[in-house]
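Down below is the structure, laid out as C-alpha coordinates.
The values are calculated or read from the model by the stated rules, or taken from the named source; none is laboratory data. Remember, predicted model here, so these are calculated numbers, not experimental data. Cβ placement follows ideal geometry from the backbone for every residue including glycine, while neighbour counts extend to all protein chains displayed. With ligands, DNA and RNA removed, areas are computed over all heavy atoms of the protein, side chains included. Shrake-Rupley method; radii C 1.70, N 1.55, O 1.52, S 1.80 Å.
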Amino acid sequence: MTDKQPDGIVRAKTALDYITGRMEKARNRFGAPPEKVQLVAVSKTFSGEQVEPFLVAGRRVFGENRVQEAKDKWPELKARYPDVQLHLIGPLQTNKAREAVALFDVIQSVDRDKLAGVLASEMERAGRKLPCFVQVNIGGEEQKAGIPVDEAVDFVARCRTEHGLEIVGLMCIPPDGVPAAPYFAQLAELAAKAGVSEISMGMSGDFETAIAMGATYVRVGSALFGKR
Ligand SMILES: *Cc1c(COP(=O)(O)O)cnc(C)c1O
(Lines give C-alpha, C1' and ligand atoms only; values in the text may rest on other atoms or scores of the structure.)
Protein backbone atom coordinates (compact mmCIF):
# COMPACT_ATOMS: atom_id res chain seq x y z
CA MET A 1 0.00 0.00 0.00
CA THR A 2 1.18 3.51 -0.71
CA ASP A 3 1.27 5.87 2.23
CA LYS A 4 -1.06 8.27 0.52
CA GLN A 5 -4.32 6.70 -0.59
CA PRO A 6 -7.18 8.46 -2.35
CA ASP A 7 -9.72 9.98 0.04
CA GLY A 8 -12.54 7.64 -1.03
CA ILE A 9 -10.53 4.58 0.00
CA VAL A 10 -9.51 6.10 3.31
CA ARG A 11 -13.15 6.97 4.00
CA ALA A 12 -14.31 3.47 3.07
CA LYS A 13 -11.72 1.88 5.37
CA THR A 14 -12.68 4.18 8.23
CA ALA A 15 -16.39 3.40 7.81
CA LEU A 16 -15.74 -0.34 7.60
CA ASP A 17 -13.48 -0.33 10.67
CA TYR A 18 -16.05 1.65 12.60
CA ILE A 19 -18.94 -0.70 11.78
CA THR A 20 -16.99 -3.95 12.16
CA GLY A 21 -15.63 -2.62 15.47
CA ARG A 22 -19.16 -2.00 16.73
CA MET A 23 -20.22 -5.46 15.51
CA GLU A 24 -17.36 -7.08 17.39
CA LYS A 25 -18.17 -5.15 20.57
CA ALA A 26 -21.83 -6.12 20.35
CA ARG A 27 -20.86 -9.75 19.93
CA ASN A 28 -18.56 -9.70 22.95
CA ARG A 29 -20.83 -7.59 25.11
CA PHE A 30 -23.78 -9.91 24.78
CA GLY A 31 -21.85 -13.11 24.36
CA ALA A 32 -24.20 -14.04 21.54
CA PRO A 33 -23.94 -17.60 20.32
CA PRO A 34 -22.81 -16.96 16.74
CA GLU A 35 -19.08 -17.36 16.36
CA LYS A 36 -19.04 -15.06 13.45
CA VAL A 37 -21.32 -12.29 12.24
CA GLN A 38 -21.05 -11.47 8.57
CA LEU A 39 -21.45 -7.90 7.35
CA VAL A 40 -23.47 -7.49 4.15
CA ALA A 41 -22.65 -4.02 2.80
CA VAL A 42 -25.90 -2.78 1.25
CA SER A 43 -24.89 -0.75 -1.78
CA LYS A 44 -28.34 0.00 -3.24
CA THR A 45 -28.66 3.49 -4.74
CA PHE A 46 -24.86 3.96 -4.67
CA SER A 47 -22.96 3.92 -7.95
CA GLY A 48 -20.20 1.52 -8.91
CA GLU A 49 -17.79 4.39 -8.43
CA GLN A 50 -18.98 4.90 -4.87
CA VAL A 51 -18.85 1.18 -4.14
CA GLU A 52 -15.40 0.48 -5.51
CA PRO A 53 -13.43 2.02 -2.60
CA PHE A 54 -15.08 -0.56 -0.35
CA LEU A 55 -13.86 -3.31 -2.67
CA VAL A 56 -10.38 -1.83 -2.62
CA ALA A 57 -10.63 -1.76 1.19
CA GLY A 58 -11.21 -5.51 1.11
CA ARG A 59 -14.97 -5.88 1.52
CA ARG A 60 -16.43 -8.69 -0.58
CA VAL A 61 -20.00 -9.30 0.63
CA PHE A 62 -22.57 -6.86 -0.74
CA GLY A 63 -26.35 -6.60 -0.89
CA GLU A 64 -28.68 -5.11 -3.48
CA ASN A 65 -32.46 -4.97 -3.39
CA ARG A 66 -33.29 -4.62 -7.09
CA VAL A 67 -32.30 -6.94 -9.90
CA GLN A 68 -32.18 -4.22 -12.55
CA GLU A 69 -30.02 -1.88 -10.50
CA ALA A 70 -27.64 -4.71 -9.62
CA LYS A 71 -27.46 -5.67 -13.29
CA ASP A 72 -26.43 -2.15 -14.23
CA LYS A 73 -23.76 -1.98 -11.54
CA TRP A 74 -22.25 -5.34 -10.67
CA PRO A 75 -21.20 -7.32 -13.77
CA GLU A 76 -18.41 -4.85 -14.39
CA LEU A 77 -17.30 -4.82 -10.73
CA LYS A 78 -17.53 -8.60 -10.48
CA ALA A 79 -15.32 -8.95 -13.53
CA ARG A 80 -12.60 -7.11 -11.62
CA TYR A 81 -13.36 -8.56 -8.17
CA PRO A 82 -14.42 -12.13 -8.97
CA ASP A 83 -14.62 -13.23 -5.33
CA VAL A 84 -17.48 -10.83 -4.58
CA GLN A 85 -20.52 -12.46 -2.97
CA LEU A 86 -23.64 -10.57 -3.97
CA HIS A 87 -26.84 -11.02 -1.93
CA LEU A 88 -30.31 -10.22 -3.23
CA ILE A 89 -32.14 -8.70 -0.25
CA GLY A 90 -35.22 -7.27 -1.98
CA PRO A 91 -38.44 -8.79 -3.32
CA LEU A 92 -38.05 -10.91 -6.43
CA GLN A 93 -40.61 -11.30 -9.21
CA THR A 94 -40.64 -14.68 -10.90
CA ASN A 95 -40.02 -13.10 -14.31
CA LYS A 96 -36.69 -11.77 -12.98
CA ALA A 97 -35.61 -15.07 -11.45
CA ARG A 98 -33.39 -16.06 -14.37
CA GLU A 99 -31.44 -12.78 -14.23
CA ALA A 100 -31.24 -12.99 -10.45
CA VAL A 101 -29.76 -16.50 -10.58
CA ALA A 102 -27.19 -15.37 -13.13
CA LEU A 103 -26.07 -12.33 -11.18
CA PHE A 104 -26.46 -13.01 -7.46
CA ASP A 105 -24.67 -15.52 -5.25
CA VAL A 106 -27.18 -15.68 -2.41
CA ILE A 107 -30.95 -15.04 -2.50
CA GLN A 108 -32.27 -13.75 0.83
CA SER A 109 -35.87 -13.08 -0.19
CA VAL A 110 -37.55 -16.42 -0.94
CA ASP A 111 -41.09 -15.97 0.39
CA ARG A 112 -43.62 -17.99 -1.62
CA ASP A 113 -43.98 -21.37 -3.31
CA LYS A 114 -44.27 -20.03 -6.82
CA LEU A 115 -40.99 -18.15 -6.47
CA ALA A 116 -39.29 -21.12 -4.80
CA GLY A 117 -40.32 -23.36 -7.69
CA VAL A 118 -39.18 -20.95 -10.39
CA LEU A 119 -35.88 -20.28 -8.63
CA ALA A 120 -35.22 -24.00 -8.31
CA SER A 121 -35.79 -24.61 -12.00
CA GLU A 122 -33.70 -21.59 -13.03
CA MET A 123 -30.85 -22.80 -10.80
CA GLU A 124 -31.11 -26.23 -12.35
CA ARG A 125 -31.07 -24.74 -15.83
CA ALA A 126 -28.06 -22.53 -15.05
CA GLY A 127 -26.21 -25.26 -13.17
CA ARG A 128 -25.84 -22.78 -10.33
CA LYS A 129 -27.26 -23.80 -6.98
CA LEU A 130 -27.41 -20.72 -4.77
CA PRO A 131 -27.80 -20.71 -1.00
CA CYS A 132 -31.12 -19.09 -0.08
CA PHE A 133 -32.80 -17.50 2.92
CA VAL A 134 -36.53 -17.53 3.54
CA GLN A 135 -37.83 -14.04 4.24
CA VAL A 136 -40.34 -13.91 7.09
CA ASN A 137 -42.91 -11.12 7.49
CA ILE A 138 -42.06 -10.97 11.16
CA GLY A 139 -44.40 -8.08 12.03
CA GLY A 140 -47.32 -9.43 10.00
CA GLU A 141 -47.39 -6.19 8.02
CA GLU A 142 -49.57 -6.03 4.94
CA GLN A 143 -47.14 -3.86 2.97
CA LYS A 144 -44.11 -6.03 3.67
CA ALA A 145 -42.87 -9.06 1.79
CA GLY A 146 -42.20 -12.36 3.50
CA ILE A 147 -43.94 -15.57 4.46
CA PRO A 148 -46.30 -15.25 7.48
CA VAL A 149 -44.74 -16.26 10.79
CA ASP A 150 -47.05 -19.22 11.35
CA GLU A 151 -46.25 -20.67 7.91
CA ALA A 152 -42.49 -20.16 8.01
CA VAL A 153 -41.36 -23.52 9.40
CA ASP A 154 -43.52 -25.53 6.96
CA PHE A 155 -42.43 -23.32 4.08
CA VAL A 156 -38.73 -23.93 4.82
CA ALA A 157 -39.45 -27.67 4.79
CA ARG A 158 -41.32 -27.40 1.46
CA CYS A 159 -38.53 -25.33 -0.09
CA ARG A 160 -36.13 -28.12 0.79
CA THR A 161 -38.14 -31.24 0.05
CA GLU A 162 -40.54 -30.17 -2.72
CA HIS A 163 -38.54 -27.47 -4.48
CA GLY A 164 -35.04 -28.74 -3.72
CA LEU A 165 -33.68 -25.35 -2.69
CA GLU A 166 -30.72 -25.01 -0.36
CA ILE A 167 -32.20 -23.01 2.52
CA VAL A 168 -29.46 -21.83 4.85
CA GLY A 169 -31.32 -19.29 6.97
CA LEU A 170 -34.14 -16.86 7.67
CA MET A 171 -34.26 -13.13 6.97
CA CYS A 172 -36.56 -10.38 8.26
CA ILE A 173 -37.20 -6.64 8.26
CA PRO A 174 -38.99 -5.71 11.50
CA PRO A 175 -41.68 -3.00 11.68
CA ASP A 176 -40.58 0.64 11.80
CA GLY A 177 -40.91 2.79 14.86
CA VAL A 178 -41.13 0.09 17.53
CA PRO A 179 -38.33 -1.76 19.35
CA ALA A 180 -36.93 -4.46 17.06
CA ALA A 181 -35.59 -6.78 19.76
CA PRO A 182 -38.75 -8.89 20.25
CA TYR A 183 -39.02 -9.43 16.48
CA PHE A 184 -35.36 -10.41 16.27
CA ALA A 185 -35.82 -12.84 19.14
CA GLN A 186 -38.81 -14.36 17.38
CA LEU A 187 -36.88 -14.81 14.12
CA ALA A 188 -34.06 -16.56 16.00
CA GLU A 189 -36.61 -18.88 17.60
CA LEU A 190 -38.17 -19.64 14.22
CA ALA A 191 -34.75 -20.38 12.73
CA ALA A 192 -34.09 -22.94 15.45
CA LYS A 193 -37.50 -24.55 14.82
CA ALA A 194 -36.94 -24.61 11.08
CA GLY A 195 -33.49 -26.11 11.49
CA VAL A 196 -31.49 -23.39 9.75
CA SER A 197 -28.28 -21.91 11.12
CA GLU A 198 -28.10 -18.48 9.47
CA ILE A 199 -30.11 -15.50 10.67
CA SER A 200 -30.12 -12.30 8.59
CA MET A 201 -31.44 -9.35 10.59
CA GLY A 202 -30.36 -5.88 11.64
CA MET A 203 -29.65 -2.77 9.56
CA SER A 204 -27.81 0.51 10.21
CA GLY A 205 -30.06 1.53 13.10
CA ASP A 206 -30.31 -1.76 14.94
CA PHE A 207 -27.55 -4.19 13.95
CA GLU A 208 -26.11 -4.33 17.48
CA THR A 209 -29.48 -5.38 18.88
CA ALA A 210 -29.77 -7.96 16.11
CA ILE A 211 -26.36 -9.39 17.01
CA ALA A 212 -27.44 -9.58 20.65
CA MET A 213 -30.43 -11.63 19.49
CA GLY A 214 -28.31 -14.03 17.45
CA ALA A 215 -27.91 -12.51 13.97
CA THR A 216 -25.27 -14.22 11.85
CA TYR A 217 -25.68 -11.71 9.00
CA VAL A 218 -26.36 -7.99 9.38
CA ARG A 219 -27.27 -5.82 6.39
CA VAL A 220 -25.82 -2.34 6.72
CA GLY A 221 -26.22 0.37 4.08
CA SER A 222 -26.37 4.02 5.11
CA ALA A 223 -24.02 3.66 8.11
CA LEU A 224 -21.32 2.60 5.63
CA PHE A 225 -22.06 4.46 2.43
CA GLY A 226 -23.80 7.56 3.75
CA LYS A 227 -27.34 8.90 3.45
CA ARG A 228 -29.44 7.72 0.53
C1 LIG B 1 -31.81 -0.92 2.39
C2 LIG B 1 -31.84 -2.20 3.11
C3 LIG B 1 -30.97 -2.45 4.18
C4 LIG B 1 -29.95 -1.44 4.69
O5 LIG B 1 -30.59 -0.38 5.32
P6 LIG B 1 -29.75 0.77 6.07
O7 LIG B 1 -30.71 1.31 7.03
O8 LIG B 1 -29.30 1.71 5.04
O9 LIG B 1 -28.60 0.09 6.75
C10 LIG B 1 -31.05 -3.68 4.80
N11 LIG B 1 -31.92 -4.64 4.39
C12 LIG B 1 -32.78 -4.43 3.37
C13 LIG B 1 -33.71 -5.50 2.97
C14 LIG B 1 -32.76 -3.21 2.70
O15 LIG B 1 -33.62 -3.02 1.68
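Check Glu166: other-chain or 5+ apart residues with amide H under 5 Å from its amide H, H built from backbone geometry?
Cys132
What do you get for GluC sites (Glu not before Pro) in the stretch 93-192 restricted to DSSP loop and a cutoff of at most 15 other Cβ within 10 Å of the site's Cβ?
Counting only loop positions with at most 15 other Cβ atoms within 10 Å, the GluC sites (Glu not before Pro) in the stretch 93-192 are Glu141, Glu142, Glu162.
Pulled fully out, how much extra length does the chain show between Asp154 and Lys227, if you take 0.36 nm times their separation in residues and subtract their Cα-Cα distance?
22.5 nm
Can you work out the FRET efficiency for the pair Gln93 and Glu35, with r the C-beta to C-beta distance and R0 = 30 Å, to the nearest 0.05?
0.25
Which whole-number percent is the relative contact order of the stretch 103-228 (Cα, under 8 Å, 6+ apart)?
20 percent
Please give, to one decimal in nm, the separation of the simple spin-label points placed at Thr45 and Thr14, each 7 Å out from Cα toward the Cβ.
2.2 nm
Kindly identify the chain as rounded, prolate or oblate by the Cα gyration tensor criterion: order the square roots of the eigenvalues as a ≥ b ≥ c, call it rounded if a/c is under 1.5, otherwise compare a/b with b/c, prolate if a/b is larger, else oblate.
Oblate shape, in that a/c is at least 1.5 and b/c is the bigger or equal ratio.
If the only charges are +1 at each Lys and Arg Cβ and -1 at each Asp and Glu Cβ, what is the size of the charge dipole of the stretch 5-225 around the Cα centre, to the nearest 20 debye?
So the magnitude is around 480 debye.
Label Arg125 and Asp7 with points 7 Å out from Cα along Cα→Cβ: what is the distance between them in nm?
4.7 nm
Could you check how much of the accessible area of the stretch 1-128 is carbon and sulfur, as a whole percent, using a 1.4 Å probe?
Accessible surface attributable to carbon and sulfur in the stretch 1-128 totals 50 percent.
Would you calculate a helix-derived [θ] at 222 nm for the chain, using -39,500 (n - 2.57) for each DSSP H run of n ≥ 4 and dividing by the full residue count, to the nearest 500?
Counting only the DSSP helices, I get -13500 deg cm²/dmol.
If packing is taken as the mean number of other Cβ atoms within 10 Å per residue, what is the order of 168-180, 77-89, highest first?
168-180, 77-89
If each residue of separation counts as 0.36 nm, what is the full-extension length gain between Gln85 and Glu24 once their alpha-carbon separation is subtracted?
Here the answer is 19.8 nm.
Take the residue pairs Lys13/Lys193; Lys44/Lys96; Lys13/Lys144; Lys129/Lys193; Lys36/Lys73 and return only those whose Cα atoms are more than 27 Å apart.
Long pairs (Cα-Cα over 27 Å): Lys13/Lys193; Lys13/Lys144; Lys36/Lys73.
At 1.4 Å probe size, with every protein chain present, just tell me what the per residue accessible area of the chain comes to in Å².
48 Å²
For Cα pairs less than 8 Å apart in space and 6+ apart in sequence, what is the mean separation divided by the residue count of the stretch 5-225, i.e. the relative contact order in percent?
22 percent
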